[in-house]
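Peer 1: Before I ask anything, let me first share the structure, which is written out below as structure tokens.
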Amino acid sequence: MEYHNFKELVSSVKAGNRRTVVVAAAQEVHTLKAVLKARQEGAVECILVGKKQEIMRITGELDYQIEERVIVEAKEDTEAAYKAVEMIRNGQGDFLMKGRIETGTFLKQVVNKETGIGAGGTMCHMALMEIPAYPKLLGLTDSGMVISPTLEQKADIIKAGVDMLRNMGIENPKVACLTAVEKCNPNMPETKESVLLKERAIAGEFGRCCVEGPISCDLTFSEEAARAKNYHSAVTGDADLLLVPNMVTGNVLGKALIAMAGAKMAGCILGAKVPVVLTSRGSSLEEKYNSLMLCARGIA
């Protein structure tokens, strides 16, 4: 199945099994609003790790009577991140969420080789975009973690992305390896890497999916442009996931879609043992809520 918008994604979460999110440093208003909204709707359960008195105060101000049993005391950010990750590792929760804590402090516990929840591959960021001019939700990766991915890291990023999309019910994800041109250019190594990634996909390395590349942005989105350039691909006009050549490209593209095209976004970290909700402290309630729902839906 495919999702045309976040409303459809949210509906699918509510219709499925209720998942438990563990929130590290949960004492933040928008984070708690998003989690409690999803809980009231019957979509998730929660474990709130952080400063108990602050969590109780905020939930009280939100006119929500939270049970003390779902709160785990942690006085410091490092302690909160450690305890939240430990609970995921022990099977007490299904996915993880960042609250009022520095990203570096949070991720340090996630990636810890001895006590973290790494899965052995490359952790990456995937943004899921609802773009008014595009017919369905579209993934964008990596726009927030791996600055200049190697070929092997790109392979890991594709695998993490398509695994997430298949878990969401998209049986045969279509991936566009974005470059500036649609032909191999010896001065553009990302074009050659796109060819190699496509070959590896055809060989079955990423499971059931369609990987296309090199392919330019206009050919990815416009079937008319593809016809004009005599470019034939099942991905054209129907991509589920964009693999960008580097983080700068992904970051600029994502922010441009939001600022100039009216897109909405949800974000998550992939490549760990569970999806991780990671939004900035300045993210809106809507973005935090959609990100929460994305991770809840993306669990196998």
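Peer 1: Among the residues of the stretch 97-126, what is the count of those that are among the basic types (Lys, Arg) and assigned to a loop (DSSP other than H, G, I, E, B)?
Peer 2: Result for the stretch 97-126: 2.
Peer 1: Sticking with this structure for a sec: So, in the stretch 221-247, how many residues would count as being in contact (Cβ under 8 Å) with a residue 60 or more places away in the chain and more than 17 Å from Val162 (Cβ to Cβ)?
Peer 2: Total satisfying the criteria: 4.
Peer 1: Taking the stretch 14-69 as the region of interest, how many residues are open to solvent by 40 Å² or more (accessible area, probe 1.4 Å), among the charged types (D, E, K, R) and part of a helix (DSSP H, G or I)?
Peer 2: Final tally of qualifying residues: 9.
Peer 1: Out of the residues in the stretch 201-243 that are basic (Lys, Arg) and more than 23 Å from the chain's Cα centre (by Cα), which is farthest from Leu178 (Cα to Cα)?
Peer 2: Arg227
Peer 1: Related question: I need the full set of residues from the stretch 113-126 which are open to solvent by 60 Å² or more (accessible area, probe 1.4 Å) and closer than 17 Å to Ala300 by Cβ, in order please.
Peer 2: Result: Ala119, Gly120.
Peer 1: Could you tell me which residue of the stretch 1-13 is modelled with the lowest pLDDT, considering only residues that are open to solvent by 40 Å² or more (accessible area, probe 1.4 Å) and more than 20 Å from Leu285 (Cβ to Cβ)?
Peer 2: Restricting to residues being open to solvent by 40 Å² or more (accessible area, probe 1.4 Å) and more than 20 Å from Leu285 (Cβ to Cβ), the top hit is Met1.
Peer 1: For residues that are assigned to a helix (DSSP H, G or I) and either in contact with a His (Cβ under 7 Å, 6 or more places away or on another chain) or open to solvent by less than 30 Å² (accessible area, probe 1.4 Å) (or both), tally how many sit in the stretch 265-300.
Peer 2: 10
Peer 1: Restricting attention to the stretch 76-95, which residues are of a type in the set (Gly, Ala, Ser) and surrounded by 20 or more Cβ atoms within 10 Å (Cβ to Cβ)?
Peer 2: Matches in the stretch 76-95: Ala80, Ala81, Ala84, Gly93.
Peer 1: Would you pick out the residues in the stretch 127-145 that are in a loop (DSSP other than H, G, I, E, B), farther than 20 Å from Leu107 by Cβ, out of contact with any Asp or Glu (no Cβ under 9 Å at 6 or more places or on another chain) and open to solvent by less than 40 Å² (accessible area, probe 1.4 Å)?
Peer 2: Those that are in a loop (DSSP other than H, G, I, E, B), farther than 20 Å from Leu107 by Cβ, out of contact with any Asp or Glu (no Cβ under 9 Å at 6 or more places or on another chain) and open to solvent by less than 40 Å² (accessible area, probe 1.4 Å): Ile131, Tyr134.
Peer 1: For residues that are among the charged types (D, E, K, R) and open to solvent by 40 Å² or more (accessible area, probe 1.4 Å), scanning just the stretch 146-176, find the one that is nearest to Pro275 (Cα to Cα).
Peer 2: Among residues in the stretch 146-176 that are among the charged types (D, E, K, R) and open to solvent by 40 Å² or more (accessible area, probe 1.4 Å), the one nearest to Pro275 (Cα to Cα) is Asp163.
Peer 1: Need pairs with beta-carbon distance below 7 Å; first residue without any contact (Cβ under 8 Å) to a residue 40 or more places away in the chain and within the stretch 1-30, second surrounded by 15 or more Cβ atoms within 10 Å (Cβ to Cβ); sequence gap 6+ or separate chains.
Peer 2: Lys14/Ala43; Arg18/Ala43; Arg18/Val44; Arg18/Glu45; Val29/Ile58
Peer 1: Pull up the stretch 52-88, narrow it to residues that are under 28 Å from Lys113 (Cβ atoms) and of a type in the set (Lys, Arg), then point me to the one that is nearest to the chain's Cα centre (by Cα).
Peer 2: Lys83
Peer 1: Here is a further query. With the requirement that a residue be of a type in the set (A, V, I, L, M) and closer than 18 Å to Gly237 by Cβ, what does the stretch 191-216 give you?
Peer 2: Within the stretch 191-216, Val211, Ile215 meet the criteria.
Peer 1: Which residue, of Glu205, Glu199, is open to solvent by 20 Å² or more (accessible area, probe 1.4 Å) and part of a helix (DSSP H, G or I)?
Peer 2: The match here is Glu199.
The values are calculated or read from the model by the stated rules, or taken from the named source; none is laboratory data. What you see is a predicted model; the values in this text were computed from it and never measured. Positions of Cβ are generated from backbone atoms using ideal geometry, with glycine treated the same way; all protein chains shown enter the neighbour counts. With ligands, DNA and RNA removed, areas are computed over all heavy atoms of the protein, side chains included. Shrake-Rupley method; radii C 1.70, N 1.55, O 1.52, S 1.80 Å.
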